[in-house]
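Contents: one structure, followed by commentary.
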Amino acid sequence: MKKVFASLGVILLVAVFGVSVVFAYGSYKDLELKKEEAKVTENKQKDSKNKTSNQNENQKSTNTNEELNTNDVRTTEDGEEIKKTKNGIDYTGEFDSPEEEEEFEKGVIAQSGGGATNGENTEESAPKYTAEDAKNMSDDEFLEAYKEGMSSEDADAVDELSKDPAYKEYLRGQVEARANGQGGNY
């Protein structure tokens, strides 16, 4: 009977050791993959900054009246330039008119917990979730709630920017700041 228990104990130890080795190897592979992804992302950012820098230098040489600061250029993973509206809200692409930009800002402010804008107090402009809800939502749930009521173009812009985890945290910070009465950007 002792031999059976001893054999089972040895088998159990070998099994636990095997599972530990498999888990450690999996963790190691994940870490290596993340390092590789970080290198690729870093290289893409460097390439896009170089391209943007080269474009800006070309623009400077052709238009001496326009001053560009290439140190402040931010881009998405796809190399699109991230710009700011008059009120400091990030976007990609172009607006056809100042009214379109203003409408985009209204949508972002309303969806990020800013409530009604320009004196409007409608049911549609009120946020459908609180800052506490935003903290407890998964990234996908939060983004869906954030984009609710936006035009498809604005929602696509948010989707594009949200590929960067830092942008998701930025949006959550916006919601929390507005819920605490701190207004726009934090």
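Below 27 Å, Cα to Cα, which lysines can LYS34 reach? Residues fewer than 8 away in the same chain don't count.
LYS44, LYS46, LYS49, LYS51, LYS135, LYS163, LYS168
Where does each of 100-107, 9-16 land if you order them by average Cβ count within 10 Å, highest first?
100-107, 9-16
Using the beta-carbon distance between THR92 and ASP133 and R0 = 22 Å, what value does 1/(1 + (r/R0)^6) give for FRET efficiency, to the nearest 0.05?
Given R0 = 22 Å and the Cβ-Cβ separation, E is 0.25.
Compute the length gained on full extension between VAL73 and VAL10: take 0.36 nm times their separation in residues and subtract their Cα-Cα distance, giving the result in nm to one decimal.
Separation in residues times 0.36 nm, less the Cα-Cα distance, equals 16.6 nm.
So, R0 is 45 Å and r is the distance between the beta-carbons of LYS46 and PHE17; what FRET efficiency does that work out to, to 0.05?
0.55
I need VAL108, VAL73 ordered by Cβ neighbour count within 10 Å, fewest first.
VAL73, VAL108
Given the peptides 146-156, 38-48, 85-95, 21-31, arrange them by the average over their residues of other C-beta atoms within 10 Å, most packed first.
Result, highest mean Cβ count within 10 Å first: 146-156, 85-95, 38-48, 21-31.
Since every read-out is calculated from the coordinates, none of them should be taken as a lab result. Note that the structure is a prediction, hence the values are computed from the model and not measured. As a convention, Cβ positions derive from the backbone with ideal geometry for all residues, glycine included, and neighbour counts pool all protein chains shown.
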